[in-house]
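Here is the structure we will look at.
The values are calculated or read from the model by the stated rules, or taken from the named source; none is laboratory data. Since this is a predicted model, take the numbers as computed values, not measurements. When we count neighbours, we look across all protein chains shown, and the Cβ atoms used for this are built from the backbone with ideal geometry, even at glycine. For the accessible areas, the whole protein counts, side chains as well, though only heavy atoms, and no ligand, DNA or RNA atoms are used. Shrake-Rupley method; radii C 1.70, N 1.55, O 1.52, S 1.80 Å.
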Amino acid sequence: MLSVHPKDRDYLRFFYPSKEELVYRHCRIVFGLNSSPFLLNASIKHLLDNAPLEYCNVVEKLKSSFYVDNCLSGVNNVKEQENFIDIASKLLSKGCFNLRGWQSNVASKYVSQHTGEASVLGMLWNLDKDTLRCNINFEILTCETKITKRFILSTVQKIFDANGLLSPATLPPKLLLQETWKLKLPWDSELPKNIVNKFMKWSNEMYLLKEVTVPRYIAINETSELHIFVDASKSSYGACVFVRTVVENDLKVTLLRSKARVAPLKSLTIPRLELMSCCLGARLANSIIRALNLPGIKVIYWSDSEVALWWIRGQGNWSVFVANRVKEIRELTQFQSWRHVPSNMNIADLLCRGCTPKRC
C-alpha cells in the first residue's frame, strides 16, 4: 500500500508481453525489493509515532510486535484481546494496512482460527495444546542420493530453528561440513564414505524431532530468574538460557533459547573456547532481557571452566583475544553473577558436543 515517488518510478520499469512491447512502471512498492522490508517498517513506525495518545498502550505493544508483515503479540484475557485487535486494526487502517487473519489459542469474535495448527514465523503453533515446534520436513535418503558439500549445506539451511530448541541435534551436520572444509573437497564432488554414512544416519532420524515441543506461554513474575549455562569442547561451544519461576508454589523451569557454534578452523585452546561460550551466553541473556523488557530480573551464569571464570572475575595483562572478550562480558554482565558448576551437572555439555535426533 506504499506509493513510490514519481521521480523513482523509472527504477521499477517492466515489459508487458504483447506485440506492442509496452513498458510500464510500478507506482507501488514491489514486494521483493531489497528496500521493501525497511520501507514497510519505516512506514508502520511513522504511522504509530503519530497515533492518538489515547491508544498509547496498544501503540507501544505494536511497536515491538511486527516482524516484516506479521504482527505477533499476547494479552491476558479475551476482553483485552478484543480491545487490542479492534484498536490495532483501526490504527493500521489509517495507512491502508488491513490487519486480518488473526489467530489465537482462545476464541473470540475477531479471531479467524483458534484450533488446529498455525504457522508462526516459521514454527508450528498447536493452538489446542498451546505449544510450539520446529517445522521439520525431510525426505528419507537412499544409497543412490549423492551427498556433497553443497547438499549438506542446503539441508542445514532448511532447518529454521530461531530459538535454538534443536541445537544439539543440528550441530552434527555443521561439524561434518567443517570436516569437508578441512579436507578441501570441491562443492559438488561426492564425499568420503565415512562422512556420507554419518550424515545419512543423522538425516534419516530428523523426523523424530517433529515430536519435540515447548510451551508457547512462559510464566514470568517477581520470582523469575534467568540461568545461563555455557560449555565448550574441541569442536564447538554453546550456551543455553533457562527461566526459573515459582507459580502457585510450583517450580517451573523452561528453556528460552540456546545456541551452538562450531569452533573456528584455527585451533584454539579449551580455555579460550570456554571463554567464547561465556561471551555467547552473555549476548543471549542480554538479547532476552531487552526483548522481554526484564531489566530487573535476577541473572545467574554457570560455567565449568575455572580458567574462564578467573579471567572474568580477575584483573591481569591478558592477551588481546582474552582481553576483548572479557571486556564484552563485563559490559553485558556483573562478574559477581558468574558461578562454577561441576562438568557432570552442566546441561550445556550436550549442547556443545551435539547428539543424534533420536537422543534429542
(request) Considering (1) part of a loop (DSSP other than H, G, I, E, B); (2) modelled with pLDDT of 90 or more; (3) charged (D, E, K, R); (4) over 27 Å from MET123 (Cβ atoms), say which one ARG9 fails and leave the rest. (result) (1)
(request) Identify all residues within region 240-271 that are among the charged types (D, E, K, R) and assigned to a loop (DSSP other than H, G, I, E, B); write none if there are none. (result) GLU248, LYS266
(message) Cβ-Cβ distance below 7 Å, separation of 6 or more or different chains: which pairs start in region 56-85 with a residue that is basic (Lys, Arg) and end on one that is part of a loop (DSSP other than H, G, I, E, B) and modelled with pLDDT of 90 or more?
(response) LYS61/SER73
(request) Could you grab the pairs with beta carbons closer than 9 Å, sequence gap of 6+ or different chains, first residue in region 327-343 and over 16 Å from ILE297 (Cα atoms), second one open to solvent by 50 Å² or more (accessible area, probe 1.4 Å) and among the small types (Gly, Ala, Ser)? (result) none
(message) Please determine whether any residue of region 150-173 is free of Cβ contacts under 8 Å to residues at least 12 places away in the same chain and within 30 Å of GLU80 (Cα to Cα).
(response) no
(request) For residues that are surrounded by fewer than 18 Cβ atoms within 10 Å (Cβ to Cβ) and assigned to a strand (DSSP E or B), tally how many sit in region 190-239. (result) 4
(request) Return the only residue of ASN57, ASN70, ASN83, ASN41 being surrounded by 13 or more Cβ atoms within 10 Å (Cβ to Cβ) and under 26 Å from ARG290 (Cβ atoms). (result) ASN41
(request) Kindly indicate whether VAL196 is under 28 Å from GLY281 (Cα atoms) and aliphatic (A, V, I, L, M). (result) no
(request) For region 34-51, indicate whether the set of residues that are in a loop (DSSP other than H, G, I, E, B), of a type in the set (A, V, I, L, M, F, W, C) and either under 29 Å from GLU82 (Cβ atoms) or under 28 Å from the mean Cα position of the chain (by Cα) (or both) is non-empty. (result) yes
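For residues in region 274-295 being of a type outside the set (S, T, N, Q) and touching an Asp or Glu at 6+ places or on another chain (Cβ under 9 Å), which is nearest to CYS352 (Cα to Cα)?
GLU274
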(request) Can you confirm whether region 281-301 contains a residue that is touching a Phe, Trp or Tyr at 6+ places or on another chain (Cβ under 6 Å) and farther than 20 Å from ARG330 by Cβ? (result) no
(message) For the condition among the hydrophobic types (A, V, I, L, M, F, W, C) and without any contact (Cβ under 8 Å) to a residue 40 or more places away in the chain, what is the one hit in ALA260, ALA323, ALA285?
(response) ALA323
(request) Pull up region 44-54, narrow it to residues that are under 21 Å from ASP8 (Cβ atoms) and without any contact (Cβ under 8 Å) to a residue 40 or more places away in the chain, then point me to the one that is surrounded by the most Cβ atoms within 10 Å (Cβ to Cβ). (result) LYS45
(request) Return the total of residues in region 1-38 being of a type in the set (Phe, Trp, Tyr) and touching a residue at least 12 places away in the same chain (Cβ under 8 Å). (result) 1
(message) Looking at LYS19 and the list (1) part of a helix (DSSP H, G or I); (2) surrounded by fewer than 11 Cβ atoms within 10 Å (Cβ to Cβ), which single condition is not satisfied?
(response) (1)
